[in-house]
Each structure stands twice: as structure tokens, then as C-alpha cells.
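The values are calculated or read from the model by the stated rules, or taken from the named source; none is laboratory data. Source: prediction; values computed, not measured. Methodologically, a virtual Cβ is constructed for each residue, glycine included, from the backbone with ideal geometry; neighbour enumeration extends over all protein chains shown.
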Amino acid sequence: MANVIPSTVIDGVVIVEPKVFADDRGLFVETYRQEWLPGTPAMVQANRADRKAGCLVGLHYHLHQADYWYVPAGRALVALHDLRASSATDGTSLTLELGDGDHRGVYIPPGVAHGFCAITDLTITYLVDRYYDPEDELGVAWDDPALAIDWPTRTPLLSRRDEQNPRRDDIPPGLRPG
């Protein structure tokens, strides 16, 4: 059974430490079970992304969608930032390294900005509880000083979209999570 740990830094974020079974043949890991996150909507879509070392994705957030991330290959610095005005942890950031033998997964509720920097070439899988909706694909600047995230690079490979994300204080009204 997995060790399911609610974050003490950002409300609603959950870190999952699954049980790893290893022997001479290799290993087996159950990376996700709905029962680990009682009271949350079922995940309906699975995605995979392969990224090169030095690539930074995000920070993205959704008003309605939750994510569950797992890094089966490579290493990532994952960064989370609570944008929810009604949250007791609004304005708080959390970073953790996933992958390369660290089999933790992370549940990210709606309104929590999320991104990662590929420390090595990597594969990340993520489950979502809503089908892709471009209207719910929002972002905040990865290098916003208000987020206070210590990224492992100052010159990351970024998408055009992520280069144009606004700072936290410049998120337009109605697009800031409640």
C-alpha cells in the first residue's frame, strides 16, 4: 500500500509514496490508485511528455482541472504555487524532485500553479480529471520573484506560451482562482 501524505505547505496537494517491488528482474510500482485520493473526481485522461534536460514547463494552472504527476524516467524539479485567493496557503510555493528512483507522485488540485524543470532528459506522465479544455489552460510566469522558486537554471528552454505568461500580480480578474 502507498503512503499518502497531505502537504503541510499547500492545502490540497498530496504526495504519494508508492510501494516499490524490486528483485533480480527489475521493479514494479503501482503509480496511481483512485482510492489514494478519496473525495476527488476520477481521472479521465492520461498524458505523457518527454523533455530534454534544461527544459522548463510552466507554470500552468487550471480553474477546474486537477492533475496527478509521476516521473518514470529522468529527474525533474517540480514547482507548485498556490494561487487560490480563498486558500489558507495562498501565495505559498513548494518544490520537490521526482524521478530517478524517487517514485513519488503528486496530486495537484485546481488553482495550484504547477511546472517542472527537466534536470535530466525525462519522461513525465500525468493524469487529469477533466478532458483537455483550452479555456482552462492558464499560466503564471516561471521566474516571477513573488513565487520565490529556486530553479536549477536561469536560462531554461521554454515554449513561446510559457515565455508570455503574466506575473502573479498581473493575472487578469476572473482568471485568478477563487
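Pairs linking a residue in the stretch 139-168 that is assigned to a loop (DSSP other than H, G, I, E, B) to a residue that is among the polar types (S, T, N, Q) and surrounded by 14 or more Cβ atoms within 10 Å (Cβ to Cβ), with Cβ atoms under 8 Å and 6 or more positions apart or on different chains, are V140/N165; A141/N165; W142/N165; A148/S93; I149/S93; I149/T95; D150/T95. Here R48 passes the criteria (1) surrounded by fewer than 22 Cβ atoms within 10 Å (Cβ to Cβ); (2) within 27 Å of R154 (Cβ to Cβ); (3) more than 12 Å from the chain's Cα centre (by Cα) except the one numbered (2).
Of all residues being of a type in the set (A, V, I, L, M) and in contact with a Pro (Cβ under 7 Å, 6 or more places away or on another chain) in the stretch 14-30, which is surrounded by the most Cβ atoms within 10 Å (Cβ to Cβ)? Just the residue, please. Among those that are of a type in the set (A, V, I, L, M) and in contact with a Pro (Cβ under 7 Å, 6 or more places away or on another chain), it is V14. Here no strands (runs of 3 or more DSSP E) wholly within the stretch 39-117 include at least 3 residues being over 25 Å from N3 (Cβ atoms) and of a type in the set (F, W, Y). Pick from the stretch 121-171 the residues that are touching a Phe, Trp or Tyr at 6+ places or on another chain (Cβ under 7 Å) and under 21 Å from V44 (Cβ atoms): which of them is surrounded by the fewest Cβ atoms within 10 Å (Cβ to Cβ)? Selected residue: T125.
Take A88 and decide whether it is closer than 28 Å to P41 by Cα, over 17 Å from the mean Cα position of the chain (by Cα), surrounded by fewer than 16 Cβ atoms within 10 Å (Cβ to Cβ) and of a type in the set (A, V, I, L, M, F, W, C). Judged against the criteria, A88 is a match. When D121 is tested against the conditions (1) in contact with a helix residue (DSSP H, G or I) (Cβ under 9 Å, 6 or more places away or on another chain); (2) under 20 Å from T31 (Cβ atoms), the lone failure is (1).
Given the structure, is G99 on the phi > 0 side of the Ramachandran plot and buried (at least 16 other Cβ atoms within 10 Å of the Cβ)? Yes; evaluated as a whole, the condition is true for this residue.
Criterion first (free of Cβ contacts under 8 Å to residues at least 60 places away in the same chain, among the aliphatic types (A, V, I, L, M) and surrounded by 15 or more Cβ atoms within 10 Å (Cβ to Cβ)) does V57 satisfy it? No. Considering the conditions (1) over 16 Å from the mean Cα position of the chain (by Cα); (2) at pLDDT below 95, G58 is excluded by exactly one of them, (1). Scanning the stretch 32-42 for residues that are more than 15 Å from the chain's Cα centre (by Cα) and touching a residue at least 12 places away in the same chain (Cβ under 8 Å), we see that the one that is farthest from Y132 (Cα to Cα) is W36. Among the residues of the stretch 118-138, the one identified as in a strand (DSSP E or B) and under 15 Å from I171 (Cβ atoms) is L138. Given the conditions (1) part of a strand (DSSP E or B); (2) more than 15 Å from the chain's Cα centre (by Cα); (3) within 18 Å of V112 (Cβ to Cβ), and given that V16 satisfies all but one, which numbered condition is not satisfied? V16 satisfies every listed condition except (2).
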